[in-house]
Amino acid sequence: MTIPRLPVGDVFAEIVDYLRVTWNGLFAVIRNTIEFLVSWTERGISFMPFWVFAIIIALIAYKRSGKGLAIFSLLGILFIQTLDLWAATQSTLALIVTATAIALAFGVPLGILSAKIKPVNTVLRPILDLMQTMPAFVYLIPAVLFFRIGAVPAVISTIIFSMPPVIRLTDLGIRQVPAELIEAGEAFGSLWHQMLFKIQLPLAMPTIMAGINQCIMLSLSMVVIASMIGAGGLGSVVLTGVQGLRVGMAFEGGLAVVVIAIILDRLTQGKTSKNASKI
């Protein structure tokens with residue numbers, strides 16, 4: 001007995017085609033907005049010489065995590081410049097900053113709602129499972145169909161790929177706030193927004209920062225993958241090296257990605273540990 005094939009892929013393709021035609025105006029607005037954000041973010045980064053940017057990052061690293069990370073950040077950015085990859089790094093950073101900012105703008109509020117409203121949590125949980133387990137390459141095709149080739153589909157696919165940890169860990173952080181502190185706030189007559197911003201969010205901040213850390217790391221990995229759809233930046237350097245069997249170019253691009261990943265990871269981890277020690 002032959003079991004008939006379910007046309008799941010065909011149905012999904014039809015849904016994508018319907019949305020692309022019906023909501024073309026909305027997608028155009030989203031595309032123009034993200035292009036504007038990426039463009040101005042990259043201009044802001046490229047406005048500074050690399051050594052000014054390196055000093056600023058080193059000062060932030062010193063304040064967040066100490067002298068070791070500050071020295072590594074300074075030398076790491078100098079190393080990228082000596083590889084002549086600073087321009088590509090600027091494009092990658094612009095994509096990461098834009099995607100992470102949008103992911104946080106939606107992810108943190110959704111995490112708060114998920115922690116406070118059970119039906120929201122029930123609906124979000126399977127959606128987040130799907131977003132986290134779906135292979136990253138699958139996001140690229142509908143993103144290109146909706147937003148064409150370039151930085152915009154890269155940002156959209158990166159947002160989808162990197163948002164789940166923010167939502168989950170924000171939810172977890174809010175839920176882990178001790179019930180005694182919530183009861184004390186209610187006893188003193190705190191309103192819901194006072195309870196949220198003065199008790200729950202400050203105590204949940206270490207967990208939320210862990211979600212932000214994961215969001216940044218996933219954004220970096222996805223931006224590299226998105227070079228396949230014209231995202232540019234360091235991912236394009238790696239992809240060109242792989243396609244042309246230029247091992248040296250691919251290795252240099254990969255080293256630059258590693259340096260940026262370590263700096264961003266340690267910066268957010270430093271912030272998390274400081275908040276945890278204060279609490």
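Annotations
- Residue satisfying all of: in region 169-196; part of a helix (DSSP H, G or I) and at pLDDT 85 or above; surrounded by the fewest Cβ atoms within 10 Å (Cβ to Cβ) among these: 175
- Scanning region 5-22 for any residue that is within 23 Å of the chain's Cα centre (by Cα) and closer than 27 Å to residue 159 by Cα turns up nothing.
- Test: residue in region 56-65 that is in contact with a helix residue (DSSP H, G or I) (Cβ under 9 Å, 6 or more places away or on another chain), among the small types (Gly, Ala, Ser), at pLDDT below 85 and on the phi < 0 side of the Ramachandran plot: yes
- Pairing each residue of region 213-224 that is closer than 11 Å to residue 161 by Cα with any residue that is not in a helix (DSSP H, G or I) and not hydroxyl-bearing (Ser, Thr, Tyr), provided the two are 6+ apart or on different chains, yields C-beta distances under 9 Å for 223/231; 223/233.
- Condition check for residue 241: in contact (Cβ under 8 Å) with a residue 40 or more places away in the chain, farther than 18 Å from residue 162 by Cα and either touching a Ser or Thr at 6+ places or on another chain (Cβ under 8 Å) or assigned to a helix (DSSP H, G or I) (or both): no
- Of the residues screened, residue 26 is one that is loosely packed, with under 13 Cβ neighbours inside 10 Å and aliphatic (A, V, I, L, M).
- Pairs, first in a helix (DSSP H, G or I) in region 11-26, second surrounded by 10 or more Cβ atoms within 10 Å (Cβ to Cβ), C-beta under 7 Å, six or more apart: 16/142; 16/145; 20/145; 20/146
- Of all residues in region 104-119, those that are among the aromatic types (Phe, Trp, Tyr) and at pLDDT 90 or above have Cβ atoms under 7 Å from Cβ atoms of residues that are in a helix (DSSP H, G or I) and surrounded by 12 or more Cβ atoms within 10 Å (Cβ to Cβ), 6 or more apart or on another chain, in 106/163.
- Residues that are surrounded by fewer than 19 Cβ atoms within 10 Å (Cβ to Cβ), within 30 Å of residue 202 (Cβ to Cβ) and at pLDDT below 85 are absent from region 243-266 altogether.
- You will find that of 45, 71, the residue that is at pLDDT 90 or above, out of contact with any strand residue (DSSP E or B) (no Cβ under 7 Å at 6 or more places or on another chain) and either farther than 25 Å from residue 258 by Cα or surrounded by 13 or more Cβ atoms within 10 Å (Cβ to Cβ) (or both) is 71 and no other.
- Within region 62-80, the set of residues being over 24 Å from the mean Cα position of the chain (by Cα) and either touching a residue at least 24 places away in the same chain (Cβ under 8 Å) or more than 24 Å from residue 43 (Cα to Cα) (or both) comprises 66, 67, 68, 71, 78, 79.
- Applying the condition of being over 30 Å from residue 263 (Cβ atoms) and among the hydroxyl-bearing types (Ser, Thr, Tyr) to region 96-131 and asking which residue is surrounded by the most Cβ atoms within 10 Å (Cβ to Cβ) yields 114.
- Residues in region 122-167 that are without any contact (Cβ under 8 Å) to a residue 12 or more places away in the chain and part of a helix (DSSP H, G or I): 122, 123, 125, 126, 127, 129, 130, 133, 138, 141.
- Selection status of residue 199, without any contact (Cβ under 8 Å) to a residue 60 or more places away in the chain, in contact with a Phe, Trp or Tyr (Cβ under 6 Å, 6 or more places away or on another chain) and β-branched (Val, Ile, Thr): no
- Test: residue in region 145-162 that is aliphatic (A, V, I, L, M), closer than 19 Å to residue 121 by Cα and modelled with pLDDT of 85 or more: yes
The values are calculated or read from the model by the stated rules, or taken from the named source; none is laboratory data. A quick note: this is a predicted structure, and the numbers were derived from the prediction, not measured. Positions of Cβ are backbone-derived with ideal geometry, glycine not excepted, and every protein chain shown enters the neighbour counts.
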